[in-house]
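Below is one structure, written out as structure tokens; the observations come after it.
The values are calculated or read from the model by the stated rules, or taken from the named source; none is laboratory data. These numbers were taken from a predicted model, which means no experiment stands behind them. Note that each Cβ is placed from the backbone with ideal geometry, even for glycine, and that neighbours are counted across all protein chains shown. The accessibility values were calculated without ligands, DNA or RNA, using every heavy atom of the protein model including side chains. Shrake-Rupley method; radii C 1.70, N 1.55, O 1.52, S 1.80 Å.
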Amino acid sequence: MKKTAYALAIKQVPIKESCPLPIPEEILQQSALWTFDHREAIQKETVPMSVFFVLLTGKAKIIQTQENGKRALLQFLHPGDCIGDLTLIGAETVPKTVVAIGETTCLGIPMQAAAHGLMQDLAFVQTLGKTIGEKLLLRMDHFSVNQTYPLAWRLAHLLLEASIDDLFQEKLTETAEYLGVSYRHLTYTLKDFKTQKLVTKTADGYRIDAPALQTFIQNQQKQ
């Protein structure tokens, strides 16, 4: 992890243009640009959340440890998404684990500064409420899609969403749970994808053929 003070970071990165939330300059001056490596934890569920993050570049995933000790993949995050928004509004006291997918940069604001400064700003609160609502709708859509769309269609979407430079490296056990299918069903479908040359198995994961997967999705929708 690399942390760069806002005053230095704005000389290298257009932070204001990349951040979808209206954050006053006096709060930005207390922030920093955080850069995380692939598979590095942005937040751990065992650590109190002390920073409110806005994802600027890269991707991340939210993971929760269940009572039986298994890790459940809940959602993928993209530029513009927030980390710590539920903590900021007081709806969540125990954070979930958030892990970077590929090199990921975030605008990080101390939670105390965000709570005291941003939550008094009407424009910020209104925009944050909208983003939280959209995140909730995405999770609802995910469960709805899991119930109504075939696995091949859902897996093709996931491969495109979670791959970095056309390489998919997610754990298949977590992927199976996220898609609501058995590990056996998932591996069988991946085998079929290999036969169709949509993916190629490598030592690091699965190399995807993005254009072929997009064509596959379009063809599935026509059926």
Original post:
What number of residues within the range 145-200 are assigned to a helix (DSSP H, G or I) and either aliphatic (A, V, I, L, M) or under 22 Å from GLY58 (Cα atoms) (or both)?
Top reply: 20
**OP:** Give the residues of the range 59-95 that are part of a loop (DSSP other than H, G, I, E, B), over 23 Å from PHE124 (Cα atoms) and touching a strand residue (DSSP E or B) at 6+ places or on another chain (Cβ under 9 Å), sorted by residue number.
**Re:** GLN66
Subject >> From ILE132, ILE89, residue being open to solvent by 60 Å² or more (accessible area, probe 1.4 Å), at pLDDT below 95 and not assigned by the TED database to the domain that holds PHE168 >> reply: ILE89
Subject >> Neighbours by Cβ (under 6 Å, 6+ apart or cross-chain): first from the range 38-66, outside the structural domain of THR175 (by the TED database) and hydroxyl-bearing (Ser, Thr, Tyr); second part of a strand (DSSP E or B) and open to solvent by 30 Å² or more (accessible area, probe 1.4 Å) >> reply: THR65/ARG71
**OP:** Might you let me know whether the range 105-118 holds any residue that is at pLDDT 95 or above, in contact with a Cys (Cβ under 8 Å, 6 or more places away or on another chain) and buried (at least 16 other Cβ atoms within 10 Å of the Cβ)?
**Re:** yes
Original post:
Does the range 43-58 include one or more residues that are under 15 Å from the mean Cα position of the chain (by Cα), open to solvent by less than 20 Å² (accessible area, probe 1.4 Å) and at positive phi?
Top reply: no
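Kindly evaluate THR189 against the criterion of being among the hydroxyl-bearing types (Ser, Thr, Tyr), touching a residue at least 24 places away in the same chain (Cβ under 8 Å) and surrounded by 14 or more Cβ atoms within 10 Å (Cβ to Cβ).
On the way: among the hydroxyl-bearing types (Ser, Thr, Tyr): yes; touching a residue at least 24 places away in the same chain (Cβ under 8 Å): yes; surrounded by 14 or more Cβ atoms within 10 Å (Cβ to Cβ): yes.
Yes: the conditions hold for THR189.
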Original post:
Residue check: is LEU107 part of a helix (DSSP H, G or I) and outside the structural domain of GLN169 (by the TED database)?
Top reply: no
Original post:
Name the residues in the range 137-163 that are over 23 Å from GLN218 (Cβ atoms) and either at pLDDT 90 or above or in contact with a Leu (Cβ under 9 Å, 6 or more places away or on another chain) (or both), would you?
Top reply: ARG139
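Does VAL99 satisfy the criteria of being in contact (Cβ under 8 Å) with a residue 60 or more places away in the chain and either in the same structural domain as HIS116 (by the TED database) or not in a strand (DSSP E or B) (or both)?
Numbers: in contact (Cβ under 8 Å) with a residue 60 or more places away in the chain: yes; either in the same structural domain as HIS116 (by the TED database) or not in a strand (DSSP E or B) (or both): yes.
Here the answer is yes, as VAL99 does meet what is asked.
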Subject >> Tally, over the range 33-50, of residues that are touching a helix residue (DSSP H, G or I) at 6+ places or on another chain (Cβ under 6 Å) and not in a loop (DSSP other than H, G, I, E, B) >> reply: 1
Original post:
Does LEU8 fit the bill of being among the aliphatic types (A, V, I, L, M) and surrounded by 15 or more Cβ atoms within 10 Å (Cβ to Cβ)?
Top reply: no
